[in-house]
Amino acid sequence: MLEPWMNRYHGLSAGFTGRDGGVGEAPYHTLNCAFHVGDRPEDVIANRERVASELGFTLADWTCGEQVHSANIAVIGEHQRGAGSLDRESGIQDTDGLLTDVPGVMLTSFYADCVPLFFYDPVHQAVGLAHAGWKGTVAGIAGSMVERMLETFGSRSEDIVAAIGPSIGTCCYEVDEKVMAHVHDLEKHFLGNEQYSPSDWYIAKDGGKSMLNLKEMNRHIMIKAGILPTHIECTSWCTSCRNDLFFSYRKDGGTTGRMASWIGLKER
């Protein structure tokens, strides 16, 4: 999905891991990259080292937040490089969005159905990464990331390129009325927009249930924030359907590993 970025933008590294190729044992087999799921810390560190090395970074560059399904965003400076790389406690607390313009920092976050969002400003050489479950999505973390890039780096929304990575799809993501109440609150801000249709976001079912499309919701939020539709890449991968390739919280019954997404600018 992000190969065109790698070919077009020299020095940029961005992507998403699968579940295979690591050292972990069931139920975290094998490339679990998150500490909080109950896996052995030494296996998590070994997996992180393996991923970072493969990408041309070190574990000392690996920088992450302690995710809480919020819309909180942190701007990472040189002094925070490596935060959260060896344990949860040193991570950037209560944070689901990360931004930096520091070369050598590898921003990372963790997933097992939620949506990874990637941002890159090639003009000001700034990158961002956001973790968007349904709570972060309806809180508008995608739009907040764009706003913060404009404020912090002087970015222009029309220059930013973005990508939406593998997550649970409409095919598998059933939610109840409580979740849909928040979705409808967000929906009010898009009514009347010719690019918006409710069928893009959800499929209503009997009993107040709906099948939710988090990818498309985040795409619309990005567009509303000023990112050009042609500047947004979006994968069709569903983490639940392709449980052979990805960890899925729902498909695996709640006990499973986490994939890592990453983005960073390599030091010249």
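The values are calculated or read from the model by the stated rules, or taken from the named source; none is laboratory data. What you see is a predicted model; the values in this text were computed from it and never measured. Cβ coordinates were reconstructed from backbone atoms using ideal geometry, including for glycine residues, and neighbour counts include every protein chain displayed.
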Quick one: count up the residues across the range 162-182 that are in contact (Cβ under 8 Å) with a residue 40 or more places away in the chain, part of a strand (DSSP E or B) and surrounded by fewer than 22 Cβ atoms within 10 Å (Cβ to Cβ). 1
Among strands (runs of 3 or more DSSP E) entirely within the range 1-113, at least 2 residues that are crowded, with 19+ Cβ neighbours inside 10 Å and either polar (S, T, N, Q) or at positive phi (or both) occur in 106-111
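A quick yes/no check of all residues on (1) touching a residue at least 12 places away in the same chain (Cβ under 8 Å); (2) within 19 Å of the chain's Cα centre (by Cα):
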site: 11; (1), (2): yes, no
site: 29; (1), (2): yes, no
site: 32; (1), (2): yes, yes
site: 43; (1), (2): yes, no
site: 63; (1), (2): yes, yes
site: 72; (1), (2): yes, yes
site: 76; (1), (2): yes, yes
site: 89; (1), (2): no, no
Of (1) over 17 Å from residue 112 (Cβ atoms); (2) surrounded by 15 or more Cβ atoms within 10 Å (Cβ to Cβ); (3) not β-branched (Val, Ile, Thr), residue 195 satisfies all except one. Which? (2)
Strands (runs of 3 or more DSSP E) within the range 183-268 that include 2 or more residues in contact (Cβ under 8 Å) with a residue 40 or more places away in the chain and hydrophobic (A, V, I, L, M, F, W, C): 210-212, 232-234, 259-265
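For the range 236-259, indicate whether the set of residues that are aliphatic (A, V, I, L, M), within 22 Å of residue 160 (Cβ to Cβ) and more than 14 Å from the chain's Cα centre (by Cα) is non-empty.
no
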Would you please name the residue that is nearest to residue 159 (Cα to Cα), looking only at residues in the range 198-229 that are touching a helix residue (DSSP H, G or I) at 6+ places or on another chain (Cβ under 6 Å) and of a type in the set (Asp, Glu)? 216
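Could you please find all residues in the range 121-132 being over 17 Å from residue 67 (Cβ atoms) and surrounded by 24 or more Cβ atoms within 10 Å (Cβ to Cβ)? So that I can check it myself, show each step before the final result.
Here is the first cut: in the range 121-132, the residues over 17 Å from residue 67 (Cβ atoms) are 121-127.
Passing the criteria: only 127.
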Right, residue 152: modelled with pLDDT of 95 or more, within 18 Å of residue 237 (Cβ to Cβ) and assigned to a helix (DSSP H, G or I) or not? no
Name the residues in the range 239-252 that are out of contact with any Ser or Thr (no Cβ under 8 Å at 6 or more places or on another chain) and either surrounded by 16 or more Cβ atoms within 10 Å (Cβ to Cβ) or modelled with pLDDT under 95 (or both), would you? 241, 243, 252
Output the number of residues of the range 122-149 satisfying the condition of being assigned to a helix (DSSP H, G or I) and either out of contact with any Phe, Trp or Tyr (no Cβ under 9 Å at 6 or more places or on another chain) or among the aliphatic types (A, V, I, L, M) (or both). 13
Can you confirm whether the range 52-63 contains a residue that is out of contact with any Cys (no Cβ under 6 Å at 6 or more places or on another chain) and closer than 25 Å to residue 222 by Cα? yes
Just one of the numbered conditions (1) touching a helix residue (DSSP H, G or I) at 6+ places or on another chain (Cβ under 8 Å); (2) in a loop (DSSP other than H, G, I, E, B); (3) buried (at least 19 other Cβ atoms within 10 Å of the Cβ) is not true of residue 117; which one? (2)
